[in-house]
Every structure is written in structure tokens, then in C-alpha cells.
Amino acid sequence: MLTKSQLAVPRLDFFESIDSTNLALERADRSVLDDFSAFVAASQTAGQGRLGRTWVSEPGSSISLSLLLRPKTQEQKGWLTLMMATAVRATIALFAADSNPKIKWPNDVLVGEKKISGILAKAVGGDVILGVGLNLKKQAEAPENATALEEAGSVASFDDVLSELLTQFRARYAKFQSDATWAVANTAEEFRQHSSTLGTEVMALLPSGEQIRGTAIDIDASGNLIIQADAKHVISAADIIHLRN
């Protein structure tokens, strides 16, 4: 079924429906899985988003992908989420040339300020389980701020999109494994070029409940967002609301 995609990874396990590819990969015996092994589903019943949210994934309407990664450089593994975001953005741009996809810090990809993809990473020991959801078709139960490749004018197949996404990310990850410093710098530059967040007035909702309002001006060497308000604030984790473009 996924002829092209199977060529991009050492192992691909496909599920028509599953609770969550991230949870399934976490439950699996990972000792028998190679680096860059993939779990893929056409539908999820308990898809995971950031901060305990759910990710809507109706049958045949989106790609749910989880990759098992074994980064050689543990100190830089936090960059893998943004690295995947750049790969997703490039994939969308290829199949929907006029869509102008943008990356919203820290883990979303937007088309016209609507969410088309979300990314969720979890460290499990020295491994990283990197999950990504990418909407292919409009979903009845999706929130109003969601969109899909079909709505952006693409008629590409599940296998074509997944294969391209895996290929895009594999190239970036291979470079990360061989030269993490270069790969991180390249990811940061890609983010700056294609960010919907930088230069925008934002509200950062911190896990502590604190709110910071200001202008997102850059990311630092660790991938944290820098917000200029009354002073410069370095944000490592937050919900970011774009207040104006």
C-alpha cells in the first residue's frame, strides 16, 4: 500500500486505525527497532497534541506518523521538533505551491493562519518519539482553525505525501546525526525564513499561568523564543497566540 514510503525508512508499521501512533511506539519493544523506524496510521482514536490536547484524525483524512529517533547528540535533541516542522513545511510547499505554509513556534505548521500540521516529541530514555499529524482532507470534527492539503489545492495521495515528508526529514536528520551544529544552524535559518511567529505581536501563556505580551523577535541557540516586551523574555515552553500579523 505504501510502496514509496516503505523505501524511506528501515521499517514501517501501518495501522488503518489505532489509539495513537506515539503511544503505540512507546508501548512497543523498541529494542528490536532501528533508528528512524516509523509507525503510521490512517486514523487515530486518541491522537495526542501538546499540553494533553487531542488531535482529530478521522479515517483517511490525515497522516499520523511517529518516528523512533536515536539522536547521537542528546544536548541538541530539543531541535528535532522544529526540524520536523521545516520538513513538513517543505512538503506542503511542494504539493500546494501557492499555499505559502508557515511555521508557528514551537510545533505547528499553518496555511493562511490555519493549522494544517502539529508535531509532538517525547523523550523516552535516550530515544525520542517524534509524532506528526498532517491533514490531507477536510474533517467534519476538526476545529474551525484547521485546514488541509486538499483545501490548499493538492490532490496528492497518502503515500506520495508521506514519502516526501519522510524523505525531507530523513535528509535533515542524517545531517543532524553527522554534524549537529550545522543541522541546528540550518534549522534555525529555515525557521526564521518561514516563521509566522517572528515579527508578530504575541501572547505567551506560560505553564505557570503567567502571560507575556510582546513582539516575537527571534529564537536563541537552544530554539527558545525571544519576546520583546518591557524586557526581553526567553520562552522555552508556552502556548503562543498570534495577536496580529
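The values are calculated or read from the model by the stated rules, or taken from the named source; none is laboratory data. Not measured: the values here are computed from a predicted model. These accessible areas exclude ligands, DNA and RNA; they are computed on the full protein's heavy atoms, side chains included. Shrake-Rupley method; radii C 1.70, N 1.55, O 1.52, S 1.80 Å.
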If you take Cα Rg over 2.2 N^0.38 Å from the coordinates, which of (1) 0.96; (2) 1.26; (3) 1.01 do you get?
(1)
Please state, as a whole number in µm²/s, the translational diffusion coefficient that the Stokes-Einstein equation yields for segment 130-245 at 10 °C and 1.306 mPa s, with Rh defined as the Kirkwood radius across alpha carbon pairs.
95 µm²/s
Rounded to a whole number, what % of the accessible area of the chain do carbon and sulfur atoms account for, probe 1.4 Å?
49 percent
With a 1.4 Å probe and every protein chain left in place, work out the accessible area per residue of the chain in Å², rounded to a whole number.
45 Å²
Hey, could you grab the Kirkwood Rh for segment 1-142? Inverse mean 1/r over distinct alpha carbon pairs, Å, one decimal.
15.4 Å
For the chain, set up a Gaussian network in which alpha carbons nearer than 10 Å are linked by springs, and say which option among THR81, THR91, THR200 fluctuates the most.
THR200
Mind checking the log10 I(q)/I(0) for segment 147-214 at q = 0.12, 0.24, 0.29 Å⁻¹? Debye, one equal scatterer per Cα, no solvent, two decimals.
-0.60, -0.99, -1.13
Cα-based Rg/(2.2 N^0.38 Å) for segment 68-144, rounded to two decimals, is 1.20
Candidate residues GLU190, GLU141: accessible-area rank, largest first, probe 1.4 Å:
GLU141, GLU190
Add -39500 (n - 2.57) for each DSSP H run of 4 or more in the chain, then divide by its residues: what number comes out at 222 nm, to the nearest 500 deg cm²/dmol?
-8000 deg cm²/dmol
How much of the pair distance distribution for segment 97-183 lies past 19 Å, counting alpha-carbon pairs only, in percent?
48 percent
